[in-house]
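Here is the structure we will look at, set down as structure tokens.
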Amino acid sequence: MPAEVKGLNEECGVFGIFGAPHANQLTYLGLHTLQHRGQEGAGIVTTDHEEMHQHRDRGLLAQVFKNQADLEGLLGDTAIGHVRYGTAGRDAIQNVQPFLFRFHDGDVALAHNGNLTNAVTLRRQLEDEGAVFQSDSDTEILIHLVRKHIKDGFIPTLKQSLNEVKGGFAFLLLQKDRLIAALDPNGIRPLCIGRLANGAYVVASESCALDIVNAKFVRDVQPGELLIIDRDGLHEDRYTDNTQLAICSMEYIYFARPDSIIHGVTVHNARKRMGKLLAREHPVEADMVIGVPNSSLSAASGYAEEIGLPYEMGLIKNQYVARTFIQPTQALRERGVHMKLSAVRGVVQGRRVAVVDDSIVRGTTSRQIVQMLRAAGAKEVHMLIASPPFKFPCFYGIDVSTRAELMAAHFSVEEMRQQIGADSLSFLSVPNLVQAINVPDAGTAPYGGLTVAYFNGDYPTPLYDYEAKYLASLNKQERRERREREA
């Protein structure tokens, strides 16, 4: 389907560590824990404070480092790493991060999770000024902006550059003697800090990556923060004070691991509350509740607990198949559903089944789950979605940058029910989603400090390069709906 703006949207994982023996091994462990955030490429850059060392390639982390020598060759006590999910552009080695740039005045490595909404404009400007890009990725834009004014000093120039890029981003930068972390002014993408027993600092996309290396959670990186870690410790700075918390709600709904804690909220607990509130909002007559593995199991247990129905294992997931939502083409997504899920005939046969899932994006998975359960003998299949209808694109780093892909953007709930073949279909409301997540440090931020634009179209930032074509797509749909009503 045609993208509204051709660009790279990435849902990725980043990990950094400063001052720890075996930084290469610890970074590998951290990235392994973040593998759910991207499966198309991985890399690590280390520094021994004299030289910087890099290894990256396409594929899963275990494939990228299948030769132990590649990991052992990454010398030093400081590192950054990245697992990549590229949603557009070439699946090429040039797009695998961390990027390593070698300059006469000092090398810089860069890793990024998110998407820059003004990347097209900035790249065009930089190319017109003579910049030569080595990748398709919007990540590279930041380093070109920094080099443009490097004479003013690295940190002042970095602050200036961070104010020029827009969107959702979590950046890790590595220089010979320091590690730098920066988060966008809305904190859309998650990033947290931990500390090892020896005092070494760790920065990661999710707190589960701290746990695997036995780092104690310190805190979340705050919107607009610039953190510098060097031999003297952690230096807290800011590049802007114009901030307002708007964490991506899809982190809690789908992306993050259930054992991660984001801004004081354990993801499993949030998902369980989504299920409980969904049960209050949409109770169904059924014999059992089943969850769609793996990200919906917490919500399903909450639904079952609240409604007083048995929670059964009606669907089995093959753990050796990648997530279908994170497959870059529709054909791969459809094939992936059959590979990854199986119905348990002995559980669902002859029974009325309430199926809890985390979301409906394109509708592919839901349709096939209903078919699968009916083929296994289910008497009724009621689909219950622990998030609101996904009607609007994400421009901050999820693989949905066009409304053409979104089932809920084009059909009513009843029409969606008919298309997926369920006996009933219900969604959690936006207010209940906000209540379920309940971010404690949201303050007066709208929607409880969350980005819920995917459900109501209220984006926390301007859309820049995406805006014109996005508005055109809205107008086109409104005209089509008006014609349908008049007919």
Legend entry - Summed side-chain charge close to residue 77 - residues other than residue 77 whose Cβ falls under 14 Å, Lys, Arg +1, Asp, Glu -1: -2
Inset, instruction - In nm, give the distance between the simple-model label positions of residue 104 and residue 124, each being 7 Å from the Cα along the Cα-to-Cβ direction. - result: 3.3
Legend entry - Relative packing of peptides 383-390, 273-280 - highest average C-beta neighbours within 10 Å first: 383-390, 273-280
Legend entry - Sequence-distant lysines (8 or more away, or on other chains) whose Cα lies within less than 21 Å of residue 272: 317
Legend entry - At R0 = 45 Å, FRET efficiency that the Cβ-Cβ distance of residue 234 and residue 487 yields, to 0.05: 0.10
Inset, instruction - Could you please rank 369, 290, 261, placing first whichever residue has the fewest other Cβ atoms within 10 Å of its Cβ? - result: 261, 369, 290
Inset, instruction - Any chance you could give the angle, 0 to 90 degrees and rounded to 10, that helix 267-281 forms with the longest Cα principal axis of the chain? - result: 30
Inset, instruction - For n ≥ 4 DSSP H runs only, could you compute -39500 (n - 2.57) per run for the chain, divide by its residues and tell me the 222 nm figure to the nearest 500? - result: -8500 deg cm²/dmol
Legend entry - Neighbour-count ranking [beta-carbon atoms within 10 angstrom, fewest first] of 96, 347: 347, 96
Inset, instruction - Subtract the Cα-Cα distance of residue 160 and residue 70 from 0.36 nm times their separation in residues, and report this length gain in nm to one decimal. - result: 28.8 nm
Legend entry - Inter-label distance, nm, simple model (7 Å from Cα along the C-beta direction), residue 280/residue 51: 6.1
Inset, instruction - Mind checking which lysines have their Cα closer than 19 Å to the Cα of residue 469? Skip sequence neighbours fewer than 8 apart in that chain. - result: 6, 166, 391
Inset, instruction - At a Cα cut-off below 26 Å, give the lysines reachable from residue 159, other chains included and same-chain residues fewer than 8 away excluded. - result: 148, 151, 176
Inset, instruction - With a point put 7 Å past each Cα toward its Cβ, work out how far residue 438 is from residue 476 in nm, to one decimal. - result: 4.3
Legend entry - Overall form of the stretch 110-160 per C-alpha gyration tensor (a/c, 1.5; a/b vs b/c): oblate
Legend entry - For volume of the Cα convex hull per residue in Å³, calculated from these coordinates, the label among (1) 128; (2) 144; (3) 153: (2)
Inset, instruction - List 101, 15 from most exposed to least, where exposure is judged by having the fewest other Cβ atoms within 10 Å. - result: 101, 15
Legend entry - Convex hull volume per residue for the stretch 270-437, taking Cα atoms only, in Å³: 106
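Each value in this text was obtained by applying a stated rule to the coordinates, not by laboratory testing. As the structure is a computational prediction, the values presented were derived from the model and not from experiment. Positions of Cβ are generated from backbone atoms using ideal geometry, with glycine treated the same way; all protein chains shown enter the neighbour counts.
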